[in-house]
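The values are calculated or read from the model by the stated rules, or taken from the named source; none is laboratory data. All figures in this text were calculated on a predicted structure; none of them were measured in a lab. All Cβ positions, even for glycine, are placed from backbone atoms using ideal geometry, and neighbour counts span all protein chains on display.
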Amino acid sequence: MEHLVGERNLARNTQTSYRDTLALMLPFAAQRLRQSVDHLDIEHISADLVRDFLQYIEQERDCSIVTRNQRLAAIHALARFIGERSPEQVAWCAEIRSIPFKKSSKPTMIYLEKPEMDALLNAPDRRTEQGKRDYAVMLFLYNTGARADEAAHVTIDDLDLGLSPSVKINGKGGKTRHCPLWTLTARILAALIAGRASHEAVFLNRRHQPITRFGIRTLVKRYALKGSHRVPSLRTKQVSAHTIRHTTAVHLLRAGVDINTIRAWLGHVSLHTTNIYAEVDLEMKAKALAHCEIPSLEQTSRLWHNNRGLMAFLRTL
């Protein structure tokens, strides 16, 4: 608690990830060594045992390589923590931290075309209170490009619904950014929070408690399935809250917003991360290709023979 919270000030989700790693690894080690968890020593957690644990979560728990590397990062952090505070364990620390991350292929980034996004937004029944809330959540995600966890933690205090409406978003790593809101978004949010206290979360579940990122993920998937009846291409995509974030970035790029503004809009630390959206946008690639299209062979041949001045010049060489 002193190190992760007091010294490193890691986000709550990162702390939870580290906790889950230890909650999986320590019982695994205790079972292998036939010891109780409370009687395990540092030397018991050997590099070979860690490798067996990583193989276990990949093969038996059917986790992805990304999850495997995430668990290993938490183990590396534990080894570094012990090595810094117990010099006699430096050799053990080096051995654990020498376990490499496994290389993985990057999945294709998924985003929605404008008709698909419109179908998603039109899916909720806005005649009901839940439908109004769900529409407001997805419109907010599309407007701001916020992560599901960021949207879940937005409070009424964070909203400024005046002449130039905006929202303060508390992002990863404790970074804060301000994002402009469309007039439509501001109007929908104003109706949603009417009569409520300023310290409350903007988005509440049916029990009038703050919605969680898992609740947001569930509602997006539900409306993606419903919207696919109108736009069948939605069935071919795994739609999530993060898909809407990617969609926001791509649509901003197509609208002519410069890449650095999009970086600040999404809360990216590095411009390299934002550049990915420029690489995946097929529509912009097609437009760029049209500008440098090569004439057909038939056209080229005809132009060549019609240019008598050039042919006469070549015969004089």
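Restricted to region 244-292, and to residues that are hydroxyl-bearing (Ser, Thr, Tyr) and modelled with pLDDT of 70 or more, which residue is nearest to Leu112 (Cα to Cα)?
Among them, the one singled out is Thr247.
Every residue, every condition in (1) surrounded by 21 or more Cβ atoms within 10 Å (Cβ to Cβ); (2) in contact with a helix residue (DSSP H, G or I) (Cβ under 7 Å, 6 or more places away or on another chain); (3) in the same structural domain as Ala224 (by TED's automatic domain parsing), yes or no:
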| residue | (1), (2), (3) |
| --- | --- |
| Val137 | yes, yes, yes |
| Thr144 | yes, no, yes |
| Ala151 | yes, yes, yes |
| Thr155 | no, no, yes |
| Asp158 | no, no, yes |
| Leu163 | no, no, yes |
| Lys172 | no, no, yes |
| Pro180 | no, no, yes |
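Here is a check on your reading of the model: is Ala91 aliphatic (A, V, I, L, M), free of Cβ contacts under 8 Å to residues at least 12 places away in the same chain and over 30 Å from Gln238 (Cα atoms)? Break it down stepwise before answering.
Working: aliphatic (A, V, I, L, M): yes; free of Cβ contacts under 8 Å to residues at least 12 places away in the same chain: yes; over 30 Å from Gln238 (Cα atoms): yes.
The answer is yes for Ala91.
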*Among the residues of region 39-55 satisfying the criterion of being modelled with pLDDT of 90 or more and acidic (Asp, Glu), which is nearest to Ile82 (Cα to Cα)?*
Asp41
*Within the bounds of region 178-189, is there any residue that is out of contact with any Leu (no Cβ under 8 Å at 6 or more places or on another chain) and more than 15 Å from Thr144 (Cβ to Cβ)?*
yes
*State which residue is farthest from the chain's Cα centre (by Cα) when the search covers only region 160-188 and only residues that are farther than 30 Å from Asn9 by Cβ, among the aliphatic types (A, V, I, L, M) and at pLDDT 90 or above.*
Leu161
*Since Leu78 meets every condition but one in (1) buried (at least 17 other Cβ atoms within 10 Å of the Cβ); (2) within 28 Å of Glu150 (Cα to Cα); (3) without any contact (Cβ under 8 Å) to a residue 24 or more places away in the chain, which condition does it not meet?*
(3)
_If the requirement is being touching a residue at least 60 places away in the same chain (Cβ under 8 Å), under 15 Å from Met138 (Cα atoms) and either touching a His at 6+ places or on another chain (Cβ under 8 Å) or part of a helix (DSSP H, G or I) (or both), which of these qualifies: Arg217, Arg187?_
Arg217
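The rows are residues; the columns are (1) closer than 21 Å to Gln89 by Cα; (2) in contact (Cβ under 8 Å) with a residue 60 or more places away in the chain; (3) over 25 Å from the mean Cα position of the chain (by Cα).
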position: Arg12; (1), (2), (3): no, no, no
position: Leu22; (1), (2), (3): yes, no, no
position: Met25; (1), (2), (3): yes, no, yes
position: Leu33; (1), (2), (3): yes, no, yes
position: Glu43; (1), (2), (3): yes, no, yes
position: Val50; (1), (2), (3): yes, no, yes
